[in-house]
Structures are given as structure tokens and as C-alpha cells.
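Trainee: Okay, here's the structure, questions in a sec.
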Amino acid sequence: MTSQNDIQFEHFFLWSADLLCIAGYDGFLRQVNPALCKRMGYSMMELQHRPILDFLHPEDYEKTKQARLNLQNSRPLYDFENRYITKSGETIWLSWTSIPIPERQLIYAIAKDITAKKLLENHRNDMIQNLNQRNKALQKVNYMTSHDLRSCVSNLQNLYSLLDLENIDPENREIVDLIADATEELKVTLGDYIDELKRNSEEKIKADNIYLYSILQRVLENIKTLLTAINVKLKIDFSEAEMVYFSKTYLYSIFLNLISNSIKYATAKPQLIIAMKSSETNSFIHLEYKDNGIGFDAEKYKERIFQAHQQAFQEKVVTENITKDSKGLGLYLLQSHMDELGGKVSIHSRPGYGIKVDLYFPKVK
């Protein structure tokens, strides 16, 4: 006579949405529920009359055999994952919880279909691998670029050494000396970039307590001829907050990009004025950067301002300072540098009213 418990078990077995089966120690299925039949695409008869290994993905034979041996040695199995080939040829992933019943030589098992999860994991892993490969390629390009530029700089210095300085008139001699100074500064800067690349390849880039004015002074020294040529007026006030916790190389890049853009997009009149002022908030060191250049519609281009290879200055504005070789990377690098070291940046601008950039640096530690 069938007991009430047997009837309840039979109902649970038949109607469960999970994949249920009872297997023998001999490697054959004794009983399977409709959900498992449906997922595998086989009838109950087909599943019961072939060894379980016949349905396995070939690459999972060995680990499944070992798992079955563990079950036969009375060791339950939890979250065991393996692959099966359905009747239609699809590969599916199942995660098993299996309990052995030694006295009856049976294994009671329940499986969950984790195929979708595995596909997402594989897609994520492929993306990570692709990103790693691209990062390695970009790192190689960075090394090559810096190295090759250093070679060009060395050639310029060698050419300078060949000049007969005694036969150059004083006015031109001053220009030649400025070129030599700029070349030397470029060599130092490239050296710093290469050192930063080496450190960055080994570990996360390091920040340090640095003086704002010391980095700004390096930038100004590097472009002093350009500043003099267009008669830039600088208003610098770092008295309220002299230091930030940041990367020297990144800060140099930020200052250089900002000032270069101001020069590039300056109006012919009035005189280009660049103002920088630091202050301290509860959480950050705030650095305000402003100029009185041509400006642009920051609201219109807000979705693209910080994207790589995007130039927000798309209006038909022509000035003598705008060059044709802009790659649209300056603001992208600016935001990348700030984000990487826990800073923030925002930009405000209107056509004809210059630009205002708010930089928020981590406080000195």
C-alpha cells in the first residue's frame, strides 16, 4: 500500500521546477522528473537506458567520475558544476547537490540550470582578457612613443652642440638658447613619463604630498616662450592651500593641458588672462582655474566634454592660436587623472566668456 509520504514525495518529484533525479551507483538514472527531461530534450526512457556519462560534455568526464567516486564513499556533493549535451546539441551547465544513500546504492540529486550565469561569466572573462590585451598594447605604445621622442630630443641637443654659437648674433643667440632650454625640459618631462609608466606597470600609481606652485613653475618654464609671445597675464594665488595629495606627473599634465588650451582658444583681444586660486573645503582642496578665452557651449557638449577624441569646440570660430593638430585628448586625460586618484572635475563655459574649471584634489596626508 502506498503511504501518504510516498504520495507527497511523488507529487514533489513530478511538479518541481528544479531538475531532480535518482541515480544508481552503477552510473544509470533510476528516475528523473519532467523538468530534467524537458531541459535535456530526452524522454524519461532515453535518459534511463544510457549511462549518465553518455550525456556529459567530454571535457567534464574525469571530474564527474571523481565526484561519483566521492558519492560512493558516502561523501555528499554540494554546488558541483558540470556540462551536459542536450538532444538538440546545446551545451548546458548544471549545478548539483547530491546525497548518497549507501544502504540502497542510490544517489538523490537536485540540479539548477546555471547556463545563463556561465555565459555571462564567460562573456565577462572575455571582456577582461580583451581589456588586458588592449592595456598591454597601449602600454607598449606609450613606451615606444616616449622612447622615440627622447631619441628625437637627443638629436636636437646634438645639433645644438654642433652650432657655432660665436657666429650667431645676440638676438638670434637668445632664441637658440631658449630652444635649447625647451629641449632640455622636454627631455626631463619625457624621462618622468617613462618612470611613471614603469611604476604604473608594477603597481597602482602613487600619490604624494606636492606643492601646487612647484609643478606649475615647471610647466611655465617649459612653455615660457609661448607665454611671452602672446603676452599672457597670470594671476596665481595658492596661499589658502599650497599642497595637494596627488601624482606629480598627473598634476603636470593637468596644468599643461589647461594652460595650452587657454592659449589655443584665446581671443585676439583683450589680453589673455589665466587665473588660478586654491582653497580648502571639508573634504578636498579646491583649485579654480579660469581664463577669458573664446569659451564654448558647455551645456550643449556636456555629454562629450571628457570623451577621448572629442573636441567640444565645434563652432565655426577662427583664431590665430587654434592649431589643426588637436587630438581632443586633453580634457579626457584631465578627467582620467582626477578620477584615478580620487579627485573630481567640472567645467563651466559659455561662448565669449572663457572657461572655468573646478578641480577637487584629495587633501594632504
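The values are calculated or read from the model by the stated rules, or taken from the named source; none is laboratory data. Keep in mind it's a predicted model, so treat the numbers as computed, not measured. With ideal geometry, Cβ positions are generated from the backbone for all residues, glycine too; neighbour counts draw on all protein chains shown. The protein model used for the area step is the full one, side chains on, heavy atoms only, and it has no ligands, DNA or RNA in it. Shrake-Rupley method; radii C 1.70, N 1.55, O 1.52, S 1.80 Å.
Trainee: Looking at the range 346-361, which of its residues are in a strand (DSSP E or B) and crowded, with 17+ Cβ neighbours inside 10 Å? Walk me through it before giving the result.
Mentor: Pass one, the range 346-361, residues in a strand (DSSP E or B): 346-349, 355-361.
If the condition is that a residue be in a strand (DSSP E or B) and crowded, with 17+ Cβ neighbours inside 10 Å, then Ile347, Ser349, Ile355, Lys356, Val357, Leu359, Tyr360, Phe361 are the ones that fit.
Trainee: Follow-up. Here is a list of conditions, (1) out of contact with any helix residue (DSSP H, G or I) (no Cβ under 6 Å at 6 or more places or on another chain); (2) open to solvent by less than 40 Å² (accessible area, probe 1.4 Å), and Thr97 meets all of them except one; can you say which number that is?
Mentor: Exception for Thr97: condition (2).
Trainee: While we're looking at this one, here's another question. Give me a count of the residues in the range 54-71 that are in a helix (DSSP H, G or I) and surrounded by 14 or more Cβ atoms within 10 Å (Cβ to Cβ). Break it down into steps so the answer makes sense when it comes.
Mentor: Taking the range 54-71 as the starting set, the residues that turn out to be in a helix (DSSP H, G or I) are 54-55, 58-71.
Of the ones still in play, those that are also surrounded by 14 or more Cβ atoms within 10 Å (Cβ to Cβ) are 55, 60, 64, 67-68, 70-71.
Looking only at that region, the number is 7.
Trainee: Give the residue that is modelled with the highest pLDDT, with candidates limited to residues of the range 258-301 that are among the polar types (S, T, N, Q) and buried (at least 19 other Cβ atoms within 10 Å of the Cβ).
Mentor: At the first step, the residues of the range 258-301 found to be among the polar types (S, T, N, Q) are 260-262, 267, 271, 278-279, 281-283, 292.
From what's left, buried (at least 19 other Cβ atoms within 10 Å of the Cβ): 261-262, 278, 292.
Values: Asn261: 83, Ser262: 87, Ser278: 96, Asn292: 90.
The residue in question is Ser278.
Yes/no matrix, rows are residues, columns are (1) surrounded by fewer than 18 Cβ atoms within 10 Å (Cβ to Cβ); (2) modelled with pLDDT of 90 or more; (3) not in a helix (DSSP H, G or I):
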position: Gln217; (1), (2), (3): yes, yes, no
position: Glu221; (1), (2), (3): yes, no, no
position: Leu226; (1), (2), (3): yes, no, no
position: Lys235; (1), (2), (3): yes, yes, yes
position: Ala241; (1), (2), (3): no, yes, yes
position: Val244; (1), (2), (3): no, yes, yes
position: Tyr250; (1), (2), (3): no, no, no
position: Ser253; (1), (2), (3): no, no, no
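Trainee: Would you mind finding the one in Leu36, Leu20, Leu14 that is within 48 Å of the chain's Cα centre (by Cα) and assigned to a helix (DSSP H, G or I)? Show your work before the answer.
Mentor: On the way: Leu20 fails: assigned to a helix (DSSP H, G or I); Leu14 fails: within 48 Å of the chain's Cα centre (by Cα).
After ruling out the rest, the residue left standing is Leu36.
Trainee: Filter the range 311-343 for residues that are at pLDDT 50 or above and within 20 Å of Ile259 (Cβ to Cβ) and give the result. Break it down stepwise before answering.
Mentor: Looking only at the range 311-343, we keep the residues that are at pLDDT 50 or above, and these are 311, 329-343.
Once the filter is applied, which keeps residues that are at pLDDT 50 or above and within 20 Å of Ile259 (Cβ to Cβ), the range 311-343 yields Gln311, Leu329, Gly330, Leu331, Tyr332, Leu333, Leu334, Gln335, Ser336, His337, Met338, Gly343.
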